Amino acid sequence: MAHTSSTNFDMIDLEIQKFYNSVKDPNWPVINNYFDFINLPKHIQEECNNQHHFQQRKSQIVDSNFWINSYQTVYQYKNLVYLPVAKCACTYYMEFFTSMGWKNVCLNEINLDTVTIFGTIRHPIERFIKGMTQYIYHRDDPNHVLPEVIIADFHSIPYHLTYGKLLQKVNWIPMDILTDDQIKICLMKLFNKFDFNIQIPLNDERKNSSHVYPEKRILEDRVRKSYFENKKRLFELHNLYAEDLKFFYNLLDTFDPDWQHIIN
């Protein structure tokens, strides 16, 4: 297939460009994007493909699971791995496991077949509301509600986009149906299954709790109302989070706080 030369200098594929620059001969032309690459002389393309494995790198670039494993950090103790999820008590548990000496590592450093991954997670739309509340709360005008926004920052990215296939490999605890202490007891039961006597303090309050910041709770109620009373926004939320809801409903159907079945 014949291709015309690229004239769109604003179109930049950074990872394609980075790979090409790492292997290019000084005499090769400059490229900005994939369109430029497929317009290179045939011998340059062949060298990139055959000697430098460009097609393999391209397959990584377009694989969301490759990127998930590359940037996702977790906390590991022996064969136990905690996967933190924003707006799901992650600050509390990251600090706790760090204090216990758990290692903070990147997911791609771990052989997932040799560990048990666990985490806490909440209803996806409930998490969206809490995430949007935090986004607004830390802006210059915390009283401003943004009903037009669906994804504001990493707090509101759907689970299935954030975790991909990893979502099905984690022993999740649905936070919405348990108290804070029940979650901790559930975690300790999981640890006991592996003969680890790890004690998590009961009756202590998380730093980001709405009881600590009552003004945040008031804002959360306003955010919830602004989205739930807007039929178009509510439709868009369910469209965006449909896969998350399917995952979460299945979790509620199958969750066992006594861990008769553990995902390994």
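Miscellaneous remarks
- Dipole-positive endmost among 125, 105, 27 within the chain (Cβ charges, Cα centre): 125
- Charging the Cβ of each Asp and Glu at -1 and of each Lys and Arg at +1, and nothing else, the dipole of the stretch 71-254 about its Cα centre rounds to 160 debye.
- Zero-based 10 Å bins, Cα pair distances in the chain, whole percents: 6, 23, 26, 21, 15, 8, 1
- Candidates 49, 171, 197: whichever shows maximal mean-square fluctuation once the chain is modelled as a Gaussian network with Cα springs under 10 Å: 49
- Considering only 229, 47, 95, the Gaussian network model of the chain with Cα springs below 10 Å gives its largest mean-square fluctuation to 47.
- When the square roots of the Cα gyration tensor eigenvalues are ordered a ≥ b ≥ c, the ratio a/c for the stretch 62-152 is 1.5 or more and a/b exceeds b/c, which makes its shape prolate.
- Too-long pairs where the Cα-Cα distance tops 19 Å, listed order kept, from 78/189; 103/165; 130/216; 78/103; 78/193; 130/184: 103/165; 130/184
- Cβ-derived FRET efficiency at R0 45 Å, residue 11 paired with residue 185, nearest 0.05: 0.25
- Lys/Arg +1, Asp/Glu -1 at C-beta; the stretch 45-189 dipole; positive extreme among 157, 178, 84: 178
- Neighbour-count ranking [beta-carbon atoms within 10 angstrom, fewest first] of 64, 226: 64, 226
- With contacts taken as Cα pairs under 8 Å at a separation of at least 6 residues, the chain carries a relative contact order of 18 percent.
- Here is how the number arises for the chain: DSSP H runs of 4 or more residues each give -39500 (n - 2.57), the sum is divided by the residue count, and the result at 222 nm is -13500 deg cm²/dmol.
- Shape category assigned to the stretch 156-195 from the gyration tensor of Cα positions, a/c cut at 1.5: oblate
- D_trans [Stokes-Einstein, Kirkwood Rh over alpha-carbon pairs] for the stretch 14-62, 4 °C, 1.567 mPa s, µm² s⁻¹: 121 µm²/s
- Inter-probe distance in nm under a simple model that places probes 7 Å from Cα toward Cβ, at residue 62 and residue 25: 2.7 nm
- Tensor-based shape of the stretch 181-264 (alpha-carbon gyration tensor, a/c under 1.5 rounded, otherwise prolate or oblate): oblate
- Simple label model, 7 Å out from Cα along Cβ direction - residue 230 to residue 79, nm: 4.9 nm
The numbers here are math on the coordinates, done by the rules we state, and not lab data. What you are looking at is a predicted structure, and each value in this text was computed from that prediction instead of being measured. Here the Cβ is made from the backbone with ideal geometry for all residues, glycine too, and neighbour counts use every protein chain on show.
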